[in-house]
Amino acid sequence: MGLQGFSGTAAIAGVGMTELSRESGRTELDLAVEAARTALDDAGVERPDAIVSYHLGDSAPVLYVARRLGLARLGWHNEIYGGGTQSASILGDAAMLIDAGLAETVLVYRALNGRSGRRLNALGLRLGEGAEEQFTHPYGMAGPVHQFALAAQRYLHDTGLTERHLHAVVARSRDHAAGNPRALRRAPLSADDYLASPVVAAPLRRVDCCQETDGGCALVVIPARRAPAAPRIHAVVRGGGPGASTMDKAADVTRIFSAYIAPALYEAAGMRPDDIDVALLYDAYSWLVPRQLEDFGLVARPELAGRLTAAAGSAGSVLDMVNPHGGLLSEGYVHGLNNVAEAVRRLRTGAGEVALCTGFGGSYGSAAILTAAP
């Protein structure tokens, strides 16, 4: 388990995003550079002296981005191979560079043509690492949706949740997205419309799955002393264990990353679940929302059913605090970094003092706590 508390030494001073679409008609490099320039302008800085990104062989290389930004020299730079697990922990990489004095301005970005380019909805057969997939593929485990649908089926059984509760998650996501001009899915979702949505892998329907999106997102991290009004990176944790990612080795296939790292995150932050004001949860699939709410101590398992279906604005509603922009289910999918961008916006505007951000990769992942400026 990797954990780090930063005590607010690093601040997120800039946020940039491109338009989200299903066919950008642009290269990943163009998307990355637009998002980066917007974030740098937002932070009021001309150029970074360090750049970090994460990818699955589907993004713009760091050195290409640096060249397009006109950098004659570049200090620390890194391209981390990985997907959703990185969307929170890359904040830790940026904050460590600031904390160690290795950089003064760190650009973090993620860009992909996730719908019109390389799509992540299938697993290929291969030799070496991951070769065990050839034994599960013939049984219908043709990609991530099928894998996590199996875990979802067990989770619903264990908790007593039903499709009614999954609908509640997706419908509230749409309600939040209705006021977000960036969101691709803004129409209300009735129970009838939910049930009419095609089943991809039971119990997951198409609307239970996050979008495949073209777009770019970037953040600029600088020392807090240079941005006294900017949200702080307070604590970051990365880790996991056997569970939804390694079902053949797991005692509990529903056990995702949050079950492993939540206690360590609160320890690193010196906080409790009651301190969280807004939760930016990696909602790759609808069932991950109640699972994370439970694991991070925001809702006890016996209360899940009632609090998921409680009316918006009521004392019992827990979904009011989750992904107020619509999340990956409704805003769009920039591999989770767009959720972090929303956390920064919320903290800037006073819509909460403490934000939880998560990065999902099955039973491995990451989480970060961001705080508003003191």
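Derivation of every value follows stated rules applied to the coordinates shown; laboratory data play no part. These numbers come from a predicted model, not from an experiment. For neighbour counting, all protein chains shown are included, and Cβ atoms are generated from backbone atoms with ideal geometry for every residue, glycine included.
Worth a mention:
- The chain: radius of gyration and largest Cα-Cα distance (Dmax), Å: 19.4, 58
- Peptide ranges 232-245, 16-29, 249-262, 330-343 listed from the most packed, as the mean C-beta count within 10 angstrom indicates: 330-343, 232-245, 249-262, 16-29
- Radius 15 Å from Cβ of Asp277, net charge of other residues (Lys, Arg +1; Asp, Glu -1): 0
- The average projected area of the range 32-108, computed from the convex hull of its Cα atoms over all directions, is 4.8 nm².
- Charge tally for Val318 (other residues, Cβ to Cβ under 9 Å; Lys, Arg +1; Asp, Glu -1): -1.
- Antiparallel bridge percentage (DSSP; both residues within the chain; nearest 5): 75 percent
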